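Here the structure comes first, spelled out in structure tokens, and everything after it is commentary.
Bear in mind that the values in this text are calculations on the coordinates, not laboratory data. Fair warning: this is a prediction, and the values are worked out from it, not measured in the lab. A quick note on method: Cβ atoms are made from the backbone with ideal geometry, for glycine too, and the neighbour counts reach across all protein chains shown.
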Amino acid sequence: MAGAEAATTSRPGDILIIKHGALGDFVQALGPARAIRLAHPGVRLVLLTSPAMAGLAEASGLFDAVWLDDRPGWRRPLALLALLRRLAGGGFARVYDLQTSGRSSRYFRLWPGRKPEWSGIARGASHPHANPDRDLMHTVDRQREQLAMAGLAEVPASDLSFASAPLDHLHLPSRFAVLVPGGSAHRPGKRWPIANWAALGPRLVAAGLVPVIVGAASEAPLAAAIRAVCPEACDLTGATNLVELASLARRARLAVGNDTGPMHLAAAAGVPVLVLFGPESDPALCAPRGRSVQVIRVPDLASLGVEQVATAALALTATG
């Protein structure tokens, strides 16, 4: 498959998928993307996505080309015009807008010249997702219904079996549990207190699982706080790209984390996952989907005890 920013020439009949992110949403769109791939055999499939998702998209093998969209706004009119011209010059027969945002719908509205068939929520779309309650559906169910209304009846689950990056440089232990103590910095209410994460570490070690802490480089202080209590833990914050993180998750015995993107990677990789939800997000709408997913939701994450999380997590390792 072609790399990001590969040749932009397309043939009439090509298909475009629009999906930017965030990470969890992107992972949950990989199943729909595979359905689109299977529904259009022999047709060039192009993905328009954010730079952060390009590596994972390329590794998936689903797309013939990955085009990058840095989402220019009205304050960058020349960049926006260049993007629109590129899209219109692609000769796309149909666009599957899996982002279904105001921005992606605007691309349809501003599309120069003849518009392609369009699956999404843009006014005038040829294949609209015509469900007024779509925002009350889980992301996976919503995209499946959108594609069904566009004529694609079968949508597989997202699958990260393609993720097989070399990991020797990470020096992973033989038996380990992934911990994801971070998450959205501007939504601290979605994070279980770091003192509780630190207390969970020794419980996992006692059960024969080395905690492997992942997250963005900015979350290294969280890993340091855990290692201060549990020195056996491994700090890999900022040390992996998304393909490496998915590959790492496939080797784990367990993943425990807040409601954040890496937990979707772990769930799609097939590892048993335990996801901690507070009041700021609804698992009915956005919980990870996978082979073995358990959710604990409480009104206040600060009230969620270490014993409850440790018991639930270790029970998953027995049944996962």
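In table form, for the structure just shown:
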item	result
GNM flexibility winner over the chain from Pro288, Pro128, Pro156 (Cα, springs under 10 Å)	Pro156
Relative pair counts by distance (%), Cα atoms of the range 114-254, 5 Å bins	2, 9, 14, 14, 13, 11, 10, 10, 8, 6, 3, 1, 0
Cα-based equivalent ellipsoid, the range 130-184: semi-axes from gyration tensor eigenvalues, Å	36, 17, 8
Pairwise centroid distance, computed over Cα atoms, of the range 217-236 with the range 275-308, Å	22
Solution diffusion estimate, µm²/s, Stokes-Einstein, the range 14-149, Kirkwood Rh from C-alpha pairs, 10 °C, viscosity 1.306 mPa s	106
Computed over the range 13-127: relative contact order in percent, which uses C-alpha pairs under 8 Å that are six or more apart	28
Alpha-carbon Rg/Rh ratio, for the chain, with Rh computed the Kirkwood way	1.00
Over the chain: helical MRE at 222 nm, DSSP H runs n ≥ 4 each giving -39500 (n - 2.57), nearest 500	-10500 deg cm²/dmol
Relative contact order computed over the range 52-201 (Cα-Cα under 8 Å; 6+ residues apart), in percent	14
Extension gain from Val205 to Glu232, taking 0.36 nm per residue of separation minus the Cα-Cα distance	9.0 nm
The range 168-319 - convex hull of the alpha-carbon atoms, volume per residue in Å³	98
Mean separation of Cα contacts under 8 Å (6+ apart) over length of the chain, as relative contact order %	16
Ascending count of other beta-carbon atoms within 10 Å, so fewest first, for His264, His20	His20, His264
Rule-of-thumb Rg ratio for the range 38-118 [Cα; 2.2 N^0.38 Å; N residues]	1.10
